[in-house]
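The structure appears right after this line, and notes come after that.
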Amino acid sequence: GENVEQHPSTLSVQEGDSAVIKCTYSDSASNYFPWYKQELGKRPQLIIDIRSNVGEKKDQRIAVTLNKTAKHFSLHITETQPEDSAVYFCAAGDNTNAGKSTFGDGTTLTVKP
Amino acid sequence: DTEVTQTPKHLVMGMTNKKSLKCEQHMGHRAMYWYKQKAKKPPELMFVYSYEKLSINESVPSRFSPECPNSSLLNLHLHALQPEDSALYLCASSPILAGGRHEQFFGPGTRLTVL
C-alpha cells in the first residue's frame, strides 16, 4: 500500500517568513496530492491540491510543487500570518479506489507574531 | 448546502452499550468515508462507500459496523467498544470524478469516549 512521509513534524516561523513542508510517497500509481489544514478542535479542510499531470500550483500565499520522478511534493506558505498556525497534513491518493488518500503524520506549524 | 454534518458532537458510552454515529451530506457526493483520529495523529481511514456500496474496509474490527442507507446518509454502528476506541470519528464525502481529483469534505466529527 501507499506510504507517505512528512517532514518536519513541527515548524516554528516568525510572522512574515516562509514555511515549507515536504512529503514523499511510495506508490507510483498515486496521482492526486491534497493538503489539509486542521486547526485545533476543528475538521481538516482542503487548502490546495495538485494532480500528477501538473508540476506546480499556486493560490495566493500557498503553493504546492510535485516531482513525480522523485515521488515528493511540497507545500510552500509565504508571508505567514498567526492564523496560519495549525496542523498541516499532506496526502497521496489514486483514482482507482473512490478517492482513497493516505495521510502523512502531519506538521504542526506555529507562526509567532 | 456545502457541508457535511455529523451527530452527535460528543458521545460517552460504556463497553456494553450500542450506539450509532450519523453523517449527512447534500452535495450529491457518491463517495463517503469514515475516519478515526487520535490526538496529534492523522485521520486513519476505516471505511469507504462508493455509490452506496462498501468498497473499502481497512481491516476494522467487527465492533464497528458501517451502513449507507442512501446516497446522503452514512451511519457507523458501535457495539462492545473498548476504551482504546476513544477518538474523534470523522465522516467525509467526495465526488467521484473521472481524472482523479477527489477533494474530501470533512464533517466536524464526533468525539467518542468509551468508559
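So here's what we get for this one:
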{"read-out": "Only listed residue being over 30 Å from B:THR5 (Cα atoms) and touching a helix residue (DSSP H, G or I) at 6+ places or on another chain (Cβ under 9 Å), chosen from A:GLU79, A:GLU15, A:GLU56", "value": "A:GLU15"}
{"read-out": "Breaking point among (1) within 13 Å of the chain's Cα centre (by Cα); (2) outside any strand (DSSP E or B), for B:LEU74", "value": "(2)"}
{"read-out": "B:LYS53 being within 8 Å of chain A (Cβ to nearest Cβ) and exposed (fewer than 14 other Cβ atoms within 10 Å of the Cβ)", "value": "no"}
{"read-out": "Qualifying residue in the stretch B:25-40 (condition: in contact with a helix residue (DSSP H, G or I) (Cβ under 9 Å, 6 or more places away or on another chain), surrounded by fewer than 21 Cβ atoms within 10 Å (Cβ to Cβ), among the hydrophobic types (A, V, I, L, M, F, W, C) and in contact (Cβ under 8 Å) with a residue 12 or more places away in the chain)", "value": "no"}
{"read-out": "Extreme residue, farthest from A:CYS90 (Cα to Cα), among residues of the stretch B:94-109 that are among the small types (Gly, Ala, Ser) and at pLDDT below 95", "value": "B:ALA98"}
{"read-out": "Residues within the stretch B:82-109 that are buried (at least 22 other Cβ atoms within 10 Å of the Cβ) and not small (Gly, Ala, Ser), tallied", "value": "6"}
{"read-out": "Every residue from the stretch B:1-20 that is exposed (fewer than 10 other Cβ atoms within 10 Å of the Cβ) and modelled with pLDDT of 95 or more", "value": "B:LYS9, B:HIS10"}
{"read-out": "Selected residue (criterion: modelled with the lowest pLDDT) from residues of the stretch A:49-74 that are over 16 Å from A:GLN6 (Cα atoms) and assigned to a strand (DSSP E or B)", "value": "A:ARG51"}
{"read-out": "Positions within the stretch A:75-113 being modelled with pLDDT of 95 or more, part of a strand (DSSP E or B) and among the polar types (S, T, N, Q), in sequence order", "value": "A:THR107, A:THR108, A:THR110"}
{"read-out": "Qualifying positions in the stretch A:16-36 - in a loop (DSSP other than H, G, I, E, B) and away from chain B (no Cβ under 12 Å)", "value": "A:GLY16, A:ASP17, A:SER18, A:SER26, A:ASP27, A:SER28"}
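Residue-wise test of (1) surrounded by fewer than 19 Cβ atoms within 10 Å (Cβ to Cβ); (2) over 24 Å from B:PHE106 (Cβ atoms).
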position	(1), (2)
A:GLU15	yes, yes
A:VAL20	yes, yes
A:ASN53	yes, yes
A:LYS57	yes, no
A:GLN60	yes, no
A:ALA63	yes, no
A:ALA91	no, no
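The values are calculated or read from the model by the stated rules, or taken from the named source; none is laboratory data. Bear in mind that the values here come from a model prediction, so they are computed numbers and not experimental data. Here Cβ is always computed from backbone atoms with ideal geometry, including for glycine, and neighbour counts include all displayed protein chains.
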